[in-house]
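Here, each number is a calculation from the coordinates, and none is a lab measurement. Just so we're clear, the structure is a prediction, and the values are computed from it rather than from any experiment. Positions of Cβ are generated from backbone atoms using ideal geometry, with glycine treated the same way; all protein chains shown enter the neighbour counts.
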Amino acid sequence: DIQMTQSPSSVSASVGDTVTITCRASQDVSNWLAWYQQKPGKAPQLLIYGVSRLQSGVPSRFAGSGSGTHFTLTITGLQPEDFATYYCQQANSFPPITFGQGTRLEIK
Amino acid sequence: EVQLLESGGGLIQPGKSLRLSCAASGFTFGNYAMSWVRQAPGKGLEWVSAISGRGGSTYYADSVKGRFTISRDNSKNMLFLQMNSLRAEDTATYFCAKDIDSISYYDYWGHGTPVTVSS
């Protein structure tokens with residue numbers, strides 16, 4: 001199974017800041033990498049897929065990059081509604097599809 | 001508008017069975033793979049199972065293989081998860097999720113249905 005490891009596990013930031021979350025895969029996942037946002041009590045929402053493709057309706061302040069085993073999600077100009085938990089997910093090799101453990105983005 | 005509505009969760013004793021359902025609308029159901037993803041209380045996301053658009057291919061996490069069965073009824077736009085021999089570690093909110101195309105990423109999710117396995 002491909003293990004996905006996110007860092008940091010949690011991060012504090014202020015409105016207007018830029019935040020970068022990292023996701024590392026235990027094996028090459030090519031460009032089969034997605035990012036999700038989840039708010040408490042809600043279902044996850046797809047932000048980015050295929051490493052850098054923005055899902056319809058997602059603000060352009062979200063950006064993904066990377067390849068192979070190292071990926072990043074960058075949020076530029078944090079907004080109040082961005083404080084949530086973020087998960088990466090690989091779809092290169094399944095079963096199983098695997099998720100990172102999550103990164104909690106908190107207000108400083 | 002795409003909608004996914006799960007049902008069937010609840011409190012169940014260890015060793016018993018439960019069947020989850022997901023009613024889909026707003027898209028051509030049979031054209032898309034579908035999956036179940038679960039989330040234990042306070043924990044991260046765990047992929048459980050997936051099924052191809054026509055239902056001919058199914059996939060399972062090792063943790064549920066042999067106990068859970070995914071199926072679909074494309075004539076009724078319904079997705080199912082039959083869960084047998086339930087264990088305490090199956091306690092989670094179960095989300096139905098629509099694959100963006102083939103089994104890969106999930107562009108729509110249901111609100112989830114909670115399953116608690118406890119005596």
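Charge tally around residue B:67: other residues with Cβ under 14 Å, Lys/Arg +1 each, Asp/Glu -1 each, net +2. Relative to the compact-globule estimate of 2.2 N^0.38 Å, the Cα radius of gyration of the stretch B:1-70 comes out at 1.21.
Applying the Karplus relation 6.51 cos²θ - 1.76 cosθ + 1.60 with θ = phi - 60° to the stretch A:22-38 yields 3J(HN,Hα) values of 10, 9, 10, 9, 6, 9, 4, 10, 6, 10, 8, 9, 10, 10, 10, 10, 10 Hz, where x marks Gly and Pro. Cross-link pairs exceeding 19 Å in C-alpha to C-alpha distance, out of B:16/B:76; A:42/B:43; B:16/B:65; B:16/B:98; A:39/B:65; B:76/B:98, comprise B:16/B:76; B:16/B:98; A:39/B:65. For the stretch B:1-39, the residues whose backbone nitrogen is under 14 Å from a point 7 Å from the Cα of residue B:58, taken along Cα to Cβ, are B:18-21, B:34-36.
Magnitude of the charge dipole for chain B, about its Cα centre and with charges confined to Cβ atoms of Lys, Arg (+1) and Asp, Glu (-1), is about 380 debye.
Couplings 3J(HN,Hα) for the stretch B:87-98, derived from phi with the Karplus relation 6.51 cos²θ - 1.76 cosθ + 1.60 (θ = phi - 60°), are 10, 4, 6, 8, 4, 5, 8, 9, 9, 8, 9, 8 Hz, where x marks Gly and Pro.
Amide H contacts of residue A:47 (H built 1.01 Å from N, in plane; Pro and chain starts excluded): A:35, A:36, A:37 sit under 5 Å, all sequence-distant by 5 or more or on other chains. Considered as an equivalent ellipsoid built on the Cα gyration tensor, chain A has semi-axes of 22, 14, 13 Å, the largest given first.
Mind giving me the FRET efficiency for residue A:9 and residue A:63? R0 is 22 Å, r the Cβ-Cβ distance, nearest 0.05 is fine. Step by step, r from the Cβ atoms, then E = 0.55. Here the calculated FRET efficiency for residue B:71 and residue A:30, from their Cβ-Cβ distance with R0 = 30 Å, stands at 0.50, rounded to the nearest 0.05.
Amide H to amide H, with H built 1.01 Å from N, residue B:111 comes under 5 Å of B:6, counting only residues 5 or more places away or on other chains. With the simple model of a label 7 Å out from the Cα in the direction of the Cβ, residue B:111 to residue B:40 spans 2.6 nm. Near residue A:62, once Lys and Arg are set to +1 and Asp and Glu to -1 for all other residues with Cβ below 13 Å from its Cβ, the sum equals 0. Converting phi to 3J(HN,Hα) with the Karplus coefficients 6.51, -1.76 and 1.60 and the offset θ = phi - 60°, the stretch B:65-76 yields 4, x, 10, 10, 9, 9, 8, 8, 10, 5, 6, 10 Hz in sequence order, with x at every glycine or proline.
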